[in-house]
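The values are calculated or read from the model by the stated rules, or taken from the named source; none is laboratory data. Everything numeric in this text was worked out from a predicted model, so none of it was measured. Positions of Cβ are backbone-derived with ideal geometry, glycine not excepted, and every protein chain shown enters the neighbour counts.
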Amino acid sequence: MANKIMIVDDEPDVVDLVKIVLKSEGYEVVTATSGKEALEKIGNEMPDLVLLDIMMPQMDGWEVYNHIKSNTKTRDIPVAMLTAKSQSIDKMIGLHVVQVDDYITKPFGRAELLERVKKILTEKGRLQPPAR
């Protein structure tokens, strides 16, 4: 059974690009284009990893992250921020204060994205053989 990854970003082009990259490696992909949609889907989908944009309208990524981590059903799901906020202070807050599982800044390359996804899944004991 392939790993299921949820992509949450309000930019459809980013969602489509990340989806294509992940599916090409055999991952199952679920998408959401808002924080509200992500929270509606996550409990049913139970992804192995969430790739979450920070800057979204209505509900930003930090608020979505807090909802995920405060819910007993979803709190163990790893979350990596996938964001244009590339200043070192933003990354430091994400990794060391909030303690997200990874902080990936846009733009990113295909190899970097796949390597970091695999690393998180491996570290969290969630890596499954890819579906081919």
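Could you tell me whether residue 53 is of a type in the set (D, E, K, R), closer than 21 Å to residue 18 by Cβ, under 10 Å from the mean Cα position of the chain (by Cα) and at pLDDT 95 or above? For residue 53, the condition - of a type in the set (D, E, K, R), closer than 21 Å to residue 18 by Cβ, under 10 Å from the mean Cα position of the chain (by Cα) and at pLDDT 95 or above - is not met. Among the residues in region 10-28, are any under 16 Å from residue 104 (Cβ atoms), basic (Lys, Arg) and either part of a helix (DSSP H, G or I) or in contact with an Asp or Glu (Cβ under 9 Å, 6 or more places away or on another chain) (or both)? Yes, region 10-28 contains a residue that is under 16 Å from residue 104 (Cβ atoms), basic (Lys, Arg) and either part of a helix (DSSP H, G or I) or in contact with an Asp or Glu (Cβ under 9 Å, 6 or more places away or on another chain) (or both).
Could you list all residues from region 91-124 that are assigned to a loop (DSSP other than H, G, I, E, B), exposed (fewer than 12 other Cβ atoms within 10 Å of the Cβ) and modelled with pLDDT of 85 or more? Lay out the reasoning, then the answer.
Step one: list which residues in region 91-124 are assigned to a loop (DSSP other than H, G, I, E, B), which gives 99-101, 106-109, 124.
When the remaining residues are screened for being exposed (fewer than 12 other Cβ atoms within 10 Å of the Cβ), the result is 99, 107, 109.
Hits for region 91-124 are 107, 109.
If the condition is being of a type outside the set (A, V, I, L, M, F, W, C), in contact with a strand residue (DSSP E or B) (Cβ under 7 Å, 6 or more places away or on another chain) and at pLDDT 90 or above, then region 72-90 contributes only 78. From the list 54, 42, the one residue that fits, being of a type in the set (A, V, I, L, M), under 22 Å from residue 107 (Cβ atoms) and touching a residue at least 12 places away in the same chain (Cβ under 8 Å), is 54. In region 1-47, the qualifying residues are those that are within 14 Å of the chain's Cα centre (by Cα) and of a type in the set (Gly, Ala, Ser), and the one that is surrounded by the most Cβ atoms within 10 Å (Cβ to Cβ) is 38.
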